[in-house]
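The values are calculated or read from the model by the stated rules, or taken from the named source; none is laboratory data. Quick caveat, the model's predicted, so the values are computed rather than measured. We place every Cβ from the backbone using ideal geometry, glycine too, and count neighbours over all the protein chains shown. Quick note on the areas: whole protein, heavy atoms, side chains included, nothing else; ligands and nucleic acids left out. Shrake-Rupley method; radii C 1.70, N 1.55, O 1.52, S 1.80 Å.
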Amino acid sequence: MAASPSKGVNLTTWSEGLHQLHQAWERHAAGIPPKGGTRPPTYRSVAEIPPGTEDVVALDLGAPDLPQLVQLSPIQALALIGEARNETLKLVAELKSLRSLSLTAGRGVDLRPLRNLSNLEHLTLEATHITSLAPLTGLDRLETLAIADLGKLSAIDEIAALGQLRWLFISGGMWSKYRLPTLTPLASLANLECFLLISTHVQDGSLEPLTGLSRLHHVSLPNYFSITAFARLAAALPTTVGHFRSPWFVEPRPVDQFHYAACKTCHQYRPGTTLGKPAKRLCPNCHADRIAKHLARWEALVSAAREPVARSKAAT
Ligand SMILES: [Zn+2]
């Protein structure tokens, strides 16, 4: 049976690690560059792991004594380094005390054994070969889900069943354009607090599914949506942190004339990138009129989107 996760266990290290991860995501959503963090040491064999270890363990899947993993039963946080195969998933499914798991799914791997991990609160999945998220739908305690490198996943409909999710990170492939039909399944995630979408094109172009998520406090989106879609979201989520609330995807800033990204004409500014596709690179010196037009358009779109929001709020 599942080990009691709270009894006599010091949770600080893994929960602190998770807290730091969440803070890093929030900084990303707010446009703050990442700081270097520390990583736990990676063990090369199960035998190297000190007995009674309950906290973060990074284990190389090349470990010759991998089947001994089941003896790590009180462990709460596990990061597996290397591609996990079906045998690995079956072993991991025995570790019922796990509250945090990070793994890379190998080709043809069946994720269903993860349903056994009823205490799992955080899952990081490098999912190059994954074609469905259905195996995750039974994870009732899952609050944080990070899925990356999703080249083969054609939809995320099953995410709608994870209503307790508070943190969601979706990243497409590093080298190819990742396409999702829609963000509609996210509309069911009423507890969502932080959403990061990276390197992903959403084919219906709509951000409406996020507009009803009143708990969202950080949102980071790629600049692949229209300015109108961003303005509607900005009107619906007036206190949420993220680029989508300003007319700039990247704000222009003064730089010295030798800066690599300085304006080719005046050399005084690094041009800004406007929010919404197609993005324009505009310099405050050289394109003042185009910037004024862009800002006025943004203001007009946000106020127009606020009107129906205000009316529907007044009606309830
Ligand atoms: Zn210029």
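Structure notes:
- Sorting L66, L196 by solvent-accessible area of protein heavy atoms yields L66, L196, largest first, with a 1.4 Å probe.
- Potential extension, R115-E87 segment - 0.36 nm per residue separation minus Cα distance: 8.6 nm
- Using a cutoff of 8 angstrom between alpha carbon atoms and counting only pairs six or more residues apart, the relative contact order for region 198-297 works out to 22 percent.
- Options L89, S102, I147, ranked by Cα towards positive dipole end of region 84-243, top entry (Cβ charges): L89
- Using alpha-carbon coordinates, inclination of helix 227-236 to the longest axis of the chain, degrees: 70 degrees
- The long axis of helix 288-315 is offset from the longest Cα principal axis of the chain by roughly 70 degrees.
- Accessible carbon and sulfur surface of region 150-241 relative to its total accessible area, %, 1.4 Å: 53 percent
- Legend: residues V57, V255, sorted from most to least accessible area (1.4 Å probe; ligands, DNA and RNA excluded), read V255, V57.
- Contact order relative to length of the chain, as percent, for alpha carbon pairs under 8 angstrom and 6 or more apart: 10 percent
- Extent along principal axes [Cα atoms of the chain; Å; largest to smallest]: 68, 55, 37
- Other-chain or far-sequence residues with amide H under 5 Å of K277's (modelled H): F225, S226, I227
- Histogrammed with a bin width of 10 Å, the alpha carbon distances of region 104-146 distribute as 28, 60, 12 percent, first bin at zero.
- Rg in Å to one decimal, and Dmax rounded to a whole Å, for region 108-176 via C-alpha atoms: 11.4, 34
- Whole-number D in µm² s⁻¹ for region 102-216, Kirkwood Cα-pair radius fed into Stokes-Einstein, 10 °C, 1.306 mPa s: 112 µm²/s
- Take the Kirkwood radius over Cα pairs of region 74-156, plug it into Stokes-Einstein at 25 °C and 0.890 mPa s, and you get 196 µm²/s for translational diffusion.
- Longest DSSP-loop-exposure-free segment, chymotrypsin sites (Phe, Trp or Tyr not before Pro), the chain, at most 10 other Cβ within 10 Å: 1-174
- Nearest-20 debye value, region 157-286 charge dipole, Cβ charges on Lys, Arg, Asp, Glu: 440 debye
- Summing Cβ point charges (Lys, Arg +1; Asp, Glu -1) relative to the Cα centre of the chain gives a dipole of roughly 1180 debye.
- Taking the C-alpha atoms only, the angle from helix 12-29 to the longest principal axis of the chain is near 20 degrees.
- The chain, accessible area per residue, ligands and nucleic acids excluded (1.4 Å, Å²): 51 Å²
- Charge dipole (region 166-278, unit charges on Cβ, about Cα centre) - positive-most of H201, F169, H243: H201
- Largest GNM mean-square fluctuation across E126, E158, E48, computed for the chain with C-alpha springs under 10 Å, falls on E48.
- Mean-position separation - Cα centroids, region 128-177 and region 235-288, in angstrom: 32 Å
- Farthest toward the positive end of the dipole of the chain, out of A261, L125, L114, is the Cα of A261, where the dipole comes from beta carbon charges about the Cα centre.
- Taking every protein chain into account, the 1.4 Å probe leaves L72 with about 20 Å² of accessible area, to the nearest ten.
- Annotation for A296 and R166: the two label points, set 7 Å from Cα along the Cα-Cβ direction, are 4.6 nm apart.
- Relative contact order %, region 133-176, counting alpha carbon pairs below 8 Å whose residues are six or more apart: 52 percent
- Note on the chain: helix-only mean residue ellipticity at 222 nm, from DSSP H runs of 4+ residues weighted -39500 (n - 2.57) and normalised by residue number, equals -7000 deg cm²/dmol.
- DSSP-assigned coil residues among trypsin sites (Lys or Arg not before Pro) in region 149-204, each with at most 11 further Cβ atoms within 10 Å: K177
- Remark: region 240-302 is approximated by an ellipsoid whose semi-axes, taken from the C-alpha gyration tensor as √(5λ), come to 22, 13, 9 Å, largest first.
- Dipole size of region 92-162 about its Cα centre, with +1 on Lys/Arg Cβ and -1 on Asp/Glu Cβ: approximately 160 debye, rounded to the nearest 20.
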